[in-house]
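Some notes on the structure that comes next.
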Ligand SMILES: [Zn+2]
């Protein structure tokens, strides 16, 4: 903090007037949002002014995917990059991946952090690194089979897609050598039903990892208890009630806020990640010291809807649908009934009324949420590629709960 306050224009302005940088006064430091960084980059193109050193000091460029606006460009010095490499190596070690492994990286060769983190981390643990960029799925499966790759790093969606291609193209021999699949890039590997699907399809262990370009590789899997551990050796981790600066009580759900301790060049100080996590009231089953997130990353604050005072994620509703065996299209509608109560309606391709009741029961048990399920015939709901378009919020704007960042306990 002392360094960046001296030489980093973005931080100098934000940290002006703050008397101390002792850890006890973390709360005195201002929170940083993605919007803050995006506005700064727009005002100071092309890299923004969150730069502690002269331009020559930087060695790596990464950017966010830009699904919600302009991509954010993040520069790293060689020292910052070595730190990130060590953080990712920890995720691999936690997943049991080491020097004896042949690790396939099923990503394209793009500007996003995940491929490069995985590449560097796998080298750090001494594994044989096999890039699978520039190949279609069948070529990747042939490579996994022919080189007998023992570990695969990819998104959970892609792990399932690859398994599907293997079965449809007669490439099931690719399943045999793979012992571990490390998933990243999106939530999934901490969701029990998704993890079981991946593990079943590949007959391999599936573990989770989380990182983001703005802060680095911040969490590693708990092989004993599932979910993730926050790497508290390298990050100061806070879980705050969304929209506030109040920490959630133990066991509560909130937004993850991270301060990256090993990244000075383009620092992340109390960065609001937008990732929502459930904290655990106790240590993980193996008693690991770092803070445990039993459900990994639960969702994004942007997707969260507040219904009758509860934080609800459309992805959690989808999860219950899939768990009772509904695999077709669905649509979720949030609306206000004439009595001014917020309600949830799920239209889903369901043939039998008992299945609709099973969805209602399960949603109540698992999410504590009362929903109304309306079965529809297959083909009536439009086929969707994007999850966001399956969700409709018809509640009047300004009613309590319609602001996605409204503080809730
Ligand atoms: Zn653990």
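Do any strands (runs of 3 or more DSSP E) entirely within the stretch 126-236 hold 2 or more residues that are within 16 Å of the ligand (Cβ to nearest atom) and closer than 24 Å to residue 90 by Cα, and if so, which?
Where strands (runs of 3 or more DSSP E) fall fully within the stretch 126-236 and carry at least 2 residues being within 16 Å of the ligand (Cβ to nearest atom) and closer than 24 Å to residue 90 by Cα, they are 205-212, 216-221, 228-230.
Here are the criteria: (1) within 22 Å of residue 87 (Cβ to Cβ); (2) not in a loop (DSSP other than H, G, I, E, B). Tell me which single one residue 254 does not satisfy.
Result: residue 254 fails condition (1) only.
Residues that are modelled with pLDDT of 95 or more: list the helices (runs of 4 or more DSSP H) wholly contained in the stretch 1-114 that include at least 2 such residues.
Result: 9-15, 34-43, 78-94.
Can you confirm whether residue 321 is surrounded by 18 or more Cβ atoms within 10 Å (Cβ to Cβ) and within 16 Å of the ligand (Cβ to nearest atom)?
For residue 321, the condition - surrounded by 18 or more Cβ atoms within 10 Å (Cβ to Cβ) and within 16 Å of the ligand (Cβ to nearest atom) - is not met.
Of everything in the stretch 368-383 that's surrounded by 12 or more Cβ atoms within 10 Å (Cβ to Cβ) and part of a loop (DSSP other than H, G, I, E, B), which residue is farthest from the chain's Cα centre (by Cα)?
Per the criteria, the residue is 381.
Within the stretch 258-299, can you find the residues that are within 11 Å of the ligand (Cβ to nearest atom), assigned to a loop (DSSP other than H, G, I, E, B) and touching a residue at least 60 places away in the same chain (Cβ under 8 Å)?
The answer is 284, 285, 286, 288, 290, 291, 294.
Answer yes or no: is there a residue in the stretch 83-102 that is free of Cβ contacts under 8 Å to residues at least 40 places away in the same chain, more than 27 Å from residue 263 (Cβ to Cβ) and within 22 Å of the chain's Cα centre (by Cα).
Within the stretch 83-102, none of the residues are free of Cβ contacts under 8 Å to residues at least 40 places away in the same chain, more than 27 Å from residue 263 (Cβ to Cβ) and within 22 Å of the chain's Cα centre (by Cα).
Give the stretch 148-170 a look and list any residue that's surrounded by 14 or more Cβ atoms within 10 Å (Cβ to Cβ) and farther than 16 Å from residue 198 by Cα, or say none.
Matches in the stretch 148-170: 149 only.
Give the residues of the stretch 79-108 that are touching a helix residue (DSSP H, G or I) at 6+ places or on another chain (Cβ under 7 Å) and closer than 26 Å to residue 265 by Cβ, sorted by residue number.
Passing the criteria: 84, 85, 86, 88, 89, 91, 92, 105, 107.
Filter the stretch 300-318 down to residues that are part of a loop (DSSP other than H, G, I, E, B) and either touching a strand residue (DSSP E or B) at 6+ places or on another chain (Cβ under 6 Å) or farther than 24 Å from residue 393 by Cβ (or both) and give me whichever is nearest to the ligand (Cβ to nearest atom).
Of everything passing the filter in the stretch 300-318, 313 is nearest to the ligand (Cβ to nearest atom).
The values are calculated or read from the model by the stated rules, or taken from the named source; none is laboratory data. The shown structure was predicted, so the numbers you read here are calculated from the model rather than taken from an experiment. For neighbour counting, all protein chains shown are included, and Cβ atoms are generated from backbone atoms with ideal geometry for every residue, glycine included.
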